[in-house]
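Below is one structure, written out as structure tokens; comments come after it.
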Number of protein chains: 2
Amino acid sequence: MQVVALKSSPFSPIHQAPDEQARPAPFAGEPMGVRMHFDRDEEIFGEDEPAQYVYRVLSGAVRTTRMLSDGRRQIVEFHVPGDVFGLDGETRHALGAEAVGDTVLQVVRRSAFMSGGIDGGDTAVQALLKKFHRAQAHMLLLGRHTACERVAAFLLDFQNRSAGSTVDLPMSRQDIADYLGLTIETVSRTFTQLQAADLIDLESCRRVILRNVAALQRICE
Amino acid sequence: MQVVALKSSPFSPIHQAPDEQARPAPFAGEPMGVRMHFDRDEEIFGEDEPAQYVYRVLSGAVRTTRMLSDGRRQIVEFHVPGDVFGLDGETRHALGAEAVGDTVLQVVRRSAFMSGGIDGGDTAVQALLKKFHRAQAHMLLLGRHTACERVAAFLLDFQNRSAGSTVDLPMSRQDIADYLGLTIETVSRTFTQLQAADLIDLESCRRVILRNVAALQRICE
DNA sequence: CGCCCTATTGATCAGCCTCAATGAGAGTGG
DNA sequence: CCACTCTCATTGAGGCTGATCAATAGGGCG
């Protein structure tokens, strides 16, 4: 239901009410744009929809995806707090975007972002350069890495984007599989193998402790 | 030897002499920047080198690559006449770039490109958006497509970038394999299969005639 | 406590890779 | 002009990684 409202206008009151003052702004200054909340698996925008807005994650996580008609899905990127997304495509979104878990976003008009960026974030060109850079690394991963290398790189990437040796994964195994171009079974098996080799510890299926970061890095080369 | 000269200064006379007036500018107006020639397999810039210049292909073709220490290579993109490249990375190149065949480039300083683009080409943001879009499509290809789908998509892509049903491939099978995340043998076998199915005709190994575009598109979904 | 959804584990299979040999084409030198 | 060579492409045989199909286990929530 929120999705429908979003498509017509993300500035609809229904979206800002829940947590407008519930969480403090995670960056200095008065934020521009509007804050919006999304539930788990709720669509933020769909493929081919007009690209009117640019988003910045305040809390939670977002996946941007591309689907094939037969159901195969590629997750292009996970976006965590601080990340900007919605820049795919020039006038229409080339990707779909969904909330991975409960997520709060900051929304600005695309035109405003292009001229000034988002408070506390990058300018349009900086943001695009970073995304392009990450996209290149992801291509290398998908094109030329083994399952084990992909999972190790994924864990190290998430560790860098959080902090410490404990990694809390906001997404399901299916999401990880669709991000790494693998099946859920292969991802699960690889986690188990890494645990057996004492490289990681699975405290729960969403909480991973990196026991041997150097060895994980060696796997990725 | 030209490479060495390039690294110190692409405005060295050695680079512009050969074809400064040999080929007319393929777009209206006096081109900005300097024209440079590269031989087959000659390096244009290497990974991690300072990113001082932005390039536009005038003739020939360029591949941008990422290497792993064990020799595995991913070709991120092929650039044909009209394409801009060299925007990878913010201050240093994240990719290497090499000429696929004899190639003529137009070179401008990065700062000049960022403020004004290249004559007859896109602005910085437009160019980045297009590249990001293509990168997404390539990720889907690498992550979720079969060998047959990858080769079909590759041929259709090159047909769109040239014209007519005859596709002249400037690159070797090894280049195609490294672009599609396959081996040279699998690429070759797939070409043979497509020919056996009357979808393509291999006039020579570099010249492909698309006999059934609709069927090729159906393969890619 | 029981249900449902997700994750894990097992067994088998297929697609692609690897290794190896042959074939075709371009360039070189006699 | 032709033989030679070198490189690249094609084809074949067999193995391995990861996919598929199937069953079990765990975990959150009513």
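The values are calculated or read from the model by the stated rules, or taken from the named source; none is laboratory data. This is a predicted model, so every value here is computed, not measured. Neighbour counts are summed over all protein chains in view; Cβ atoms, including those assigned to glycine, are modelled from backbone coordinates with ideal geometry.
Among residues of the stretch A:198-219 that are within 12 Å of A:L169 (Cα to Cα), those with a Cβ under 8 angstrom from a residue that is in a loop (DSSP other than H, G, I, E, B) and within 16 Å of DNA strand D (Cβ to nearest atom), sequence gap 6+ or separate chain, pair up as A:R206/A:L169; A:R206/A:P170; A:R207/A:L169; A:V208/A:L169. Can you say whether B:G33 is within 17 Å of B:G96 (Cα to Cα), of a type outside the set (A, V, I, L, M) and either modelled with pLDDT of 75 or more or crowded, with 17+ Cβ neighbours inside 10 Å (or both), as far as the supplied structure shows? It is false that B:G33 is within 17 Å of B:G96 (Cα to Cα), of a type outside the set (A, V, I, L, M) and either modelled with pLDDT of 75 or more or crowded, with 17+ Cβ neighbours inside 10 Å (or both). Residues of the stretch B:135-156 that are more than 16 Å from DNA strand C (Cβ to nearest atom), free of Cβ contacts under 8 Å to residues at least 24 places away in the same chain and either crowded, with 18+ Cβ neighbours inside 10 Å or of a type in the set (S, T, N, Q) (or both): B:Q136, B:M139. Look at B:D178 and say whether it is touching a helix residue (DSSP H, G or I) at 6+ places or on another chain (Cβ under 9 Å) and within 16 Å of DNA strand C (Cβ to nearest atom). Here the answer is yes, as B:D178 does meet what is asked. Selection over the stretch A:71-90 of residues that are out of contact with any helix residue (DSSP H, G or I) (no Cβ under 7 Å at 6 or more places or on another chain), away from chain B (no Cβ under 13 Å) and part of a loop (DSSP other than H, G, I, E, B) gives a count of 3. Does B:L182 fit the bill of being part of a helix (DSSP H, G or I), within 11 Å of chain A (Cβ to nearest Cβ), out of contact with any strand residue (DSSP E or B) (no Cβ under 7 Å at 6 or more places or on another chain) and within 23 Å of A:G143 (Cα to Cα)? When the stated conditions are applied, B:L182 does not pass them. Taking B:Q195, is it more than 14 Å from every other protein chain (Cβ to nearest Cβ) and either in a helix (DSSP H, G or I) or within 11 Å of DNA strand D (Cβ to nearest atom) (or both)? Yes, satisfied.
Among the residues of the stretch A:144-178, those that are assigned to a helix (DSSP H, G or I), within 12 Å of DNA strand D (Cβ to nearest atom) and within 12 Å of another protein chain (Cβ to nearest Cβ) comprise A:R144, A:E149, A:R150, A:A177, A:D178.
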